[in-house]
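To start, the structure itself, in structure tokens.
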Amino acid sequence: MESTSNHTLLSEFTAATYDEWRTAAEKLLKGAPFDKIMRTPTPEEITLEPIYRREDLDSVPAASTLPGQNGFTRGGNAGGYREEPWKIAQELPYGEPAEFNQAALHDLSRGQDSLNIIFDIATLKGLDPDHAADGEVGACGLSVASLPDLRRALKGVYPNAIPIYFQSGCSGLAMLALFRAWLKEKRDLDLSEIRGAMGIDPLAMLAAAGSLPASLPHIYDEMTCATKTCREETPRFLAVGVNTMHYHSAGANATQEIAIALATGVEYLRALTDRGMAVDDASKQIRFTLSIGPNFFMEISKFRAFRQLWSNVIEALGVSVDSESINLHARTGLHNKTRNDPYANMLRTTTEALAGVIAGVDSLCVGSFDEIIRVPNEFSRRVARNTQLILQEECELTSVIDPAGGSWFVENLTQEVAQEAWKTFQGIEASGGMSSALKSGFIQKQIATTEAKQTKLVGQRRVALVGTNQYPNLGEVPLEVTLPDYKILRKRRANESTSFRLSAESDIDSQVIGQLAEIQTCSYSELIPKSILAVSSGATLGELTRTIRTRDIGKTVEVDPLPNRRLAAMYEELRAASLDYQKANGNSPQIFLANIGALRRHKLRADFTRAFFATGGFECIYSPGFTDAGSASQAFVDSGAEIAVICGTDDDYIESVPTFAAAIKEAAPTASVILAGFPGEKEATYREAGLDDYIFVKSDNYATNRSYLEKLEVL
């Protein structure tokens with residue numbers, strides 16, 4: 001028997017119109033408002049429709065474009081990942097050069113195909129370890145003070161084989177000199193083959209720290225010097241970075257993050273062109289890093305919209321746009337990561353990585369599941385790295401070009417994200433540009449407003465954090481926290497730095513001093529060659545940075561720093577306090593469930609109550625159902641708890657709540673009596689009988705848990 005094609009089968013059915021579908025949906029809603037139930041607002045102030053149709057693409061011009069063309073919404077090149085897979089660019093947050101090198105060589109031999117080097121605070125400031133404070137050396141990144149440090153960190157790494165990405169903040173010029181001095185030691189090396197980026201990004205450092213180690217105009221002078229050199233000598237090694245991770249961690253939503261990236265990129269272009277660079281050359285020297293958040297389709301649309309908007313920006317500036325114009329790195333975010341139930345972070349980073357890949361990023365870093373708790377070990381690094389390898393090798397995503405392309409939903413969402421991001425970008429530009437917006441607090445206020453809304457939704461459990469405000473595991477064993485002693489680490493690195501300086505022969509020392517003196521007065525065109533010479537002779541990062549910045553006659557700028565927030569942190573404070581209470585008292589803070597009647601009558605509300613208070617670390621004492629108030633009150637007293645929650649059905653409550661509440665209050669006058677459910681018009685009657693509070697699905701879960709932990713003096 002011949003099979004009938006799907007096309008033939010479908011032709012037997014009449015396609016329903018949108019109006020017919022909506023009429024059927026409204027009938028199922030039984031009077032509930034369609035717009036409220038079926039349309040979904042997002043933190044970006046975009047409303048998601050319940051259904052998208054083919055005709056929706058008529059108003060989305062980008063949907064008819066091809067990958068590698070017309071704004072690059074659908075990807076940076078026509079071949080997508082079939083032409084070249086994204087780079088697996090994992091961060092290695094180790095402070096000491098030898099430790100970093102060991103991890104780098106291990107991971108490069110197991111699937112990682114590029115280096116992504118983050119630096120400690122001292123290096124970002126351009127300070128040697130012996131001039132830095134405790135906590136600034138080795139924390140969250142590599143400590144580099146000299147050419148021997150960089151040699152140790154990159155021993156066995158072939159710079160013409162893999163890209164090397166630095167995140168150098170404000171120390172980019174001095175770090176470029178160190179890197180070029182290291183490259184100079186490699187024989188027969190073609191500089192045009194060197195790929196990667198230096199990642200000079202002063203505005204990100206200003207936003208995160210609140211200040212800069214030099215004036216912004218001077219740092220832009222340094223940036224220009226580095227950018228010109230890279231464009232002329234290492235065109236595939238980019239000088240400038242735009243990193244939005246700090247903004248994301250402070251609470252920025254997807255459209256704000258895009259707008260900030262655009263505004264930062266535009267300010268850097270202005271700074272470079274004001275100092276004599278051609279805009280076409282300058283635009284090809286910027287590498288963007290955007291975070292990946294938890295909203296899967298929003299994040300796909302974010303990266304697609306960003307490519308489209310940045311293409312529009314540089315085209316408006318007269319740049320001939322090609323695939324070289326947009327270099328886009330992605331990094332899984334920290335804002336939604338949790339200390340409680342930390343293995344759930346593996347699942348979060350997996351979906352985030354998938355979103356970035358579907359969106360067509362050029363390189364990707366998947367954060368380790370334990371990175372907010374401790375220094376990642378080999379196991380957590382392997383899981384993060386293998387997440388990318390599975391997406392490449394097992395999911396075969398390198399065989400598909402723009403898998404999201406043509407989706408009625410994604411194409412529409414991409415356009416809406418682009419429109420909202422452009423409005424925010426225009427607001428930043430109207431306030432004077434990115435640095436002015438940071439100085440005035442415009443950026444900080446916008447992000448704080450978004451963060452406050454998100455925090456409220458998390459507290460109300462309208463935004464879920466699995467293992468934190470939903471489905472907490474009170475029996476979990478916390479991960480062992482393994483952190484270096486940063487005081488000892490700083491002391492050891494300071495001794496190494498001091499010994500390196502003092503070990504130089506007197507003639508070499510005099511040579512270095514002379515070379516540094518020349519750097520103070522040389523032209524900018526000579527600055528990098530002379531800096532390479534100085535660090536090759538033995539000048540340190542700190543010495544070189546101080547020398548270069550003797551040219552700085554401007555004033556340093558200070559802004560309100562962006563806070564580093566995680567949505568789970570407020571709940572983690574409650575859980576930590578409850579755990580401390582348990583260690584001191586032998587049991588967790590307790591709540592007695594005064595259940596009414598048979599199991600089937602109270603179970604739904606009792607289970608809701610246990611889940612509601614578990615987020616604060618409470619242990620709920622589950623009682624058998626009571627038929628009389630006296631038995632319930634006596635069981636409550638015997639339990640030793642100070643909080644009772646009455647659980648049953650609404651019908652049971654009419655008769656039982658007044659008697660149960662009164663009996664419990666008579667037996668324990670200082671007890672708190674709570675109702676599981678909304679009392680409605682009976683609230684006054686119940687409160688008169690002794691009810692203190694009630695919880696239901698719209699209650700503020702966080703505020704309620706906190707208030708009762710404070711009542712028990714747990715907090």
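The values are calculated or read from the model by the stated rules, or taken from the named source; none is laboratory data. From a predicted model like this one, the values you see are computed outputs, not experimental measurements. Ideal geometry is used to build each Cβ from the backbone, glycine not excepted, and the neighbour counts take in all protein chains shown. When the accessible area is computed, the model is the full protein with side chains, heavy atoms only, and any ligands, DNA or RNA have been set aside. Shrake-Rupley method; radii C 1.70, N 1.55, O 1.52, S 1.80 Å.
When each of PRO93, PRO43 is tested for being touching a Cys at 6+ places or on another chain (Cβ under 6 Å), in a loop (DSSP other than H, G, I, E, B) and not β-branched (Val, Ile, Thr), the lone residue that passes is PRO93. Inspection of the range 398-417 finds no residue satisfying the criterion of being under 30 Å from PHE696 (Cβ atoms), assigned to a helix (DSSP H, G or I) and open to solvent by less than 60 Å² (accessible area, probe 1.4 Å). Listed by first and then second residue, the pairs linking a residue in the range 516-534 that is within 17 Å of GLU232 (Cβ to Cβ) and free of Cβ contacts under 8 Å to residues at least 40 places away in the same chain to a residue that is surrounded by 13 or more Cβ atoms within 10 Å (Cβ to Cβ) and among the polar types (S, T, N, Q), with Cβ atoms under 8 Å apart and 6 or more places separating them unless they lie on different chains, are LYS530/GLN515. Only strands (runs of 3 or more DSSP E) whose full extent lies in the range 150-256 are considered here, and none of them has at least 1 residues that are more than 27 Å from the chain's Cα centre (by Cα) and among the hydroxyl-bearing types (Ser, Thr, Tyr). A Cβ distance below 6 Å, combined with a sequence gap of six or more or placement on separate chains, defines the contacts here; from the range 410-422, residues that are at pLDDT 95 or above reach residues that are of a type in the set (Asp, Glu) in the pairs ASN412/ASP56; GLU420/GLU44. If you go through the range 322-364 and pick out every residue that is open to solvent by less than 40 Å² (accessible area, probe 1.4 Å), more than 17 Å from VAL466 (Cβ to Cβ) and in a loop (DSSP other than H, G, I, E, B), you end up with 3. In the set (1) over 36 Å from the mean Cα position of the chain (by Cα); (2) buried (at least 17 other Cβ atoms within 10 Å of the Cβ); (3) among the charged types (D, E, K, R); (4) at pLDDT 95 or above, the condition left unmet by ARG566 is number (1).
When you scan the range 451-460, do you find a residue that is open to solvent by 40 Å² or more (accessible area, probe 1.4 Å) and over 30 Å from CYS620 (Cβ atoms), even just one? So far as the range 451-460 goes, yes, one or more of its residues are open to solvent by 40 Å² or more (accessible area, probe 1.4 Å) and over 30 Å from CYS620 (Cβ atoms). Considering only residues that are among the polar types (S, T, N, Q) and in contact with a strand residue (DSSP E or B) (Cβ under 8 Å, 6 or more places away or on another chain), which ones fall in the range 131-183? Listed by number, the residues that qualify are SER143, GLN167, SER168, SER171. Scanning the range 262-272 for residues that are within 22 Å of ALA359 (Cα to Cα) and in contact with a strand residue (DSSP E or B) (Cβ under 7 Å, 6 or more places away or on another chain) turns up at least one hit. The single condition from (1) at pLDDT 95 or above; (2) open to solvent by less than 50 Å² (accessible area, probe 1.4 Å); (3) out of contact with any Ser or Thr (no Cβ under 8 Å at 6 or more places or on another chain); (4) not basic (Lys, Arg) that GLY625 fails is (1).
Restricting the range 550-562 to residues that are within 21 Å of GLU257 (Cα to Cα) and open to solvent by less than 50 Å² (accessible area, probe 1.4 Å), which is nearest to the chain's Cα centre (by Cα)?
LEU562
Just wondering, is there one or more residues in the range 426-438 that are in a helix (DSSP H, G or I) and within 21 Å of the chain's Cα centre (by Cα)? Yes, because at least one residue in the range 426-438 is in a helix (DSSP H, G or I) and within 21 Å of the chain's Cα centre (by Cα). The set of residues from the range 114-149 being in contact with an Asp or Glu (Cβ under 7 Å, 6 or more places away or on another chain), β-branched (Val, Ile, Thr) and assigned to a helix (DSSP H, G or I) comprises just one member, ILE121.
What is the residue count in the range 474-504 for residues that are part of a helix (DSSP H, G or I), open to solvent by less than 80 Å² (accessible area, probe 1.4 Å), of a type outside the set (Val, Ile, Thr) and modelled with pLDDT of 90 or more? Talk me through it step by step, then tell me what you get.
If we filter the range 474-504 for residues that are part of a helix (DSSP H, G or I), which is where we start, we get 486-502.
Next cut, open to solvent by less than 80 Å² (accessible area, probe 1.4 Å) only: 486, 489-490, 493-494, 496-501.
Checking the rest, the ones that are also of a type outside the set (Val, Ile, Thr) come to 486, 489-490, 493-494, 496-497, 499-501.
Now narrow it down to the ones that are modelled with pLDDT of 90 or more: 486, 489-490, 493-494, 496-497, 499-500.
Looking only at that region, the number is 9.
Of note, ALA261 satisfies the criterion of being in contact with a Ser or Thr (Cβ under 8 Å, 6 or more places away or on another chain), free of Cβ contacts under 8 Å to residues at least 60 places away in the same chain, over 18 Å from LEU173 (Cα atoms) and open to solvent by less than 10 Å² (accessible area, probe 1.4 Å). Counting only residues that are in contact with a helix residue (DSSP H, G or I) (Cβ under 8 Å, 6 or more places away or on another chain) and either modelled with pLDDT under 95 or closer than 30 Å to LYS453 by Cα (or both), the range 242-278 holds 25 of them. Beta carbons closer than 9 Å, at least 6 apart along the sequence or on distinct chains, pair a first residue in the range 70-91 that is within 14 Å of ALA359 (Cα to Cα) and among the basic types (Lys, Arg) with a second that is part of a helix (DSSP H, G or I) and open to solvent by 20 Å² or more (accessible area, probe 1.4 Å) for ARG74/ALA63.
Residue by residue, here is whether (1) open to solvent by 10 Å² or more (accessible area, probe 1.4 Å); (2) aliphatic (A, V, I, L, M); (3) over 30 Å from ASP580 (Cα atoms); (4) in a loop (DSSP other than H, G, I, E, B) holds:
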site	(1), (2), (3), (4)
PHE612	no, no, no, no
GLY616	no, no, no, yes
SER631	yes, no, yes, no
PHE636	no, no, no, no
PHE678	yes, no, yes, yes
